[in-house]
Amino acid sequence: METSLKGKDYISTQDWSDEQIDLALETASDLKAKFKNDIPHRYLADKTIFLFFFDKSTRTRNSFEAGITQLGGHAHFIEASTSQAAHGESPKDMGIILSSYGHAIAIRHDLVPGEGNAYMREVAKWADKPVINMQCDVDHPCQTLADLMTIREKFGNDLRGKKIAVSWAYAPSYAKPMSVPQGLIMLMTRFGMDVSLAHPPEYALMDEPLRIAKENAAKAGTKFEIVDSMDAAFENADIVYPKSWGIESLFHKPEEALEISKKYKDWICDERLMDLTRKDSLYMHCLPADRGYEVTDSVIDGSHSVVHQEAENRLHTAKALMALTM
Ligand code: CP
């Protein structure tokens, strides 16, 4: 597939124009229809993508692996812990060498604030093939692209006046990256939605994504507010996206972070909160969700939930990103 995006990195949604994001979503919809109708779409025959993971994954790994196969190419799955990155090999050497073997490098490096985004930008500086961010400390642009696709499928492309609540929620499992809420506030403010961000005081997002979200809202004529309760964010919301994330300064101190989070066990998305939202509202989550903590079973399995459609759209959007850039 020859496109204007061939060779372009996708490290943050912010790196792509509105028109380029629109093209990615149109391509994803086209690929979804082809997949559903068994129409072959081998746009990347014999091409190779390297999938480099510093963290675990179900959806991201498998959407890229299945996606490249359907596009006629092949993926190499690389676990950072079993590669020479574990012995300190530089992102520069890795970028130069892997890009000489194939056609794209995709990276997940999301666990430590200050590291992942810088790592992938260094790889991209030296690689002469596109670098795709499969989640870093700052953004999860593959996830938020699938989220925007899902929201458009439900509400249409004109999202002006729609309110999305992006809220922290309690989870005991581990300190989840901050990149999904940060990616959401940056992207959804650009595409017509009014964003209400809710979190307890310790869970502030990073300064730069907050700055970008405010700037995007001002440019697009949308609203961006920060509130201190789920109730305030959920009031009349069209879309709710409650999920857990960690405390920026405490990713190295998980026990201390867990103690603080226990104060906010009542930050759970339940039926009472959903009743504050609009009748046709969507419940979204990037998954995996901590059921019984972040959200009740009745909400995630209920009529508002679009989590499985959202997860499915990870496949179609990953394919669009590969088909357009490789
Ligand atoms: N939402 C998401 O990125 O899922 P995985 O962690 O399973 O890839």
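Consider Glu259 carefully, then state whether it is closer than 17 Å to Pro181 by Cβ and away from the ligand (no atom under 16 Å from the Cβ).
Values: closer than 17 Å to Pro181 by Cβ: no; away from the ligand (no atom under 16 Å from the Cβ): yes.
No, not satisfied.
Scan the range 191-215 for residues that are within 24 Å of Asp110 (Cα to Cα) and part of a helix (DSSP H, G or I) and jot them down.
Pro201, Glu202, Tyr203, Asp207, Glu208, Pro209, Leu210, Arg211, Ile212, Ala213, Lys214
In the range 130-160, which residues are in contact with a strand residue (DSSP E or B) (Cβ under 7 Å, 6 or more places away or on another chain), over 22 Å from Lys243 (Cα atoms) and part of a loop (DSSP other than H, G, I, E, B)?
Pro130
Per-residue answers, yes or no, for (1) at pLDDT below 95; (2) farther than 19 Å from His140 by Cβ; (3) in the same structural domain as Glu235 (by TED's automatic domain parsing):
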residue	(1), (2), (3)
Glu248	no, no, yes
Pro254	yes, yes, yes
Leu258	yes, yes, yes
Asp266	no, yes, yes
Arg272	no, yes, yes
Asp280	no, yes, yes
Pro288	no, no, yes
Tyr293	no, yes, yes
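Please report, ordered by residue number, the helices (runs of 4 or more DSSP H) entirely within the range 28-129 with at least 3 residues that are touching an Asp or Glu at 6+ places or on another chain (Cβ under 6 Å).
Details: elements: 59-70, 91-101, 116-126.
Per the criteria, 116-126.
Give, as residue ranges, the helices (runs of 4 or more DSSP H) completely inside the range 231-326 that count at least 2 residues that are surrounded by 15 or more Cβ atoms within 10 Å (Cβ to Cβ) and β-branched (Val, Ile, Thr). Explain how you work it out, then say what you get.
Details: elements: 254-261, 271-274, 297-300, 307-325.
By residue number, 297-300, 307-325.
How many residues, within the range 84-137, are crowded, with 16+ Cβ neighbours inside 10 Å and among the hydroxyl-bearing types (Ser, Thr, Tyr)? Give the steps one after another, and end with the answer.
The initial filter retains those residues of the range 84-137 that are crowded, with 16+ Cβ neighbours inside 10 Å, namely 85, 91, 94-95, 98-99, 102-111, 113, 116-117, 119-124, 126-127, 129-137.
Narrowing the set further to residues that are among the hydroxyl-bearing types (Ser, Thr, Tyr) leaves 99, 119.
Of the residues in that region, 2 qualify.
Here is a check on your reading of the model: is Ile68 surrounded by 20 or more Cβ atoms within 10 Å (Cβ to Cβ) and away from the ligand (no atom under 16 Å from the Cβ)? Please lay out each step first, then the result.
Values: surrounded by 20 or more Cβ atoms within 10 Å (Cβ to Cβ): yes; away from the ligand (no atom under 16 Å from the Cβ): no.
No: the conditions fail for Ile68.
Restricting to the range 180-194, name every residue that is surrounded by fewer than 24 Cβ atoms within 10 Å (Cβ to Cβ), without any contact (Cβ under 8 Å) to a residue 40 or more places away in the chain and not charged (D, E, K, R).
Answer for the range 180-194, where residues must be surrounded by fewer than 24 Cβ atoms within 10 Å (Cβ to Cβ), without any contact (Cβ under 8 Å) to a residue 40 or more places away in the chain and not charged (D, E, K, R): just Gly192.
Quick check on my filter: what residues within the range 42-66 are closer than 17 Å to Tyr10 by Cβ and more than 17 Å from the chain's Cα centre (by Cα)?
Result: Tyr43, Leu44, Lys47, Ile49, Phe50.
Determine if the range 162-173 includes at least one residue that is under 30 Å from Ile105 (Cβ atoms) and surrounded by fewer than 23 Cβ atoms within 10 Å (Cβ to Cβ).
Going through the range 162-173, the residues under 30 Å from Ile105 (Cβ atoms) turn out to be 166, 173.
If we keep only those that are surrounded by fewer than 23 Cβ atoms within 10 Å (Cβ to Cβ) too, we end up with 173.
So far as the range 162-173 goes, yes, one or more of its residues are under 30 Å from Ile105 (Cβ atoms) and surrounded by fewer than 23 Cβ atoms within 10 Å (Cβ to Cβ).
Which condition from (1) within 16 Å of the ligand (Cβ to nearest atom); (2) under 16 Å from Leu321 (Cβ atoms); (3) among the aromatic types (Phe, Trp, Tyr) is the one that Phe53 breaks?
Exception for Phe53: condition (2).
Could you list, ordered by first residue, the pairs with Cβ atoms under 9 Å in which the first is in the range 123-147 and without any contact (Cβ under 8 Å) to a residue 40 or more places away in the chain and the second is part of a strand (DSSP E or B) and among the hydrophobic types (A, V, I, L, M, F, W, C), at least 6 apart or interchain?
Val123/Phe52; Val123/Ile105; Val123/Ile107; Val123/Val131; Ala127/Ala104; Ala127/Ile105
The values are calculated or read from the model by the stated rules, or taken from the named source; none is laboratory data. Because the structure is predicted, anything quoted here is derived from the model rather than measured. All Cβ positions, glycine included, derive from the backbone under ideal geometry; neighbour counts span all protein chains shown.
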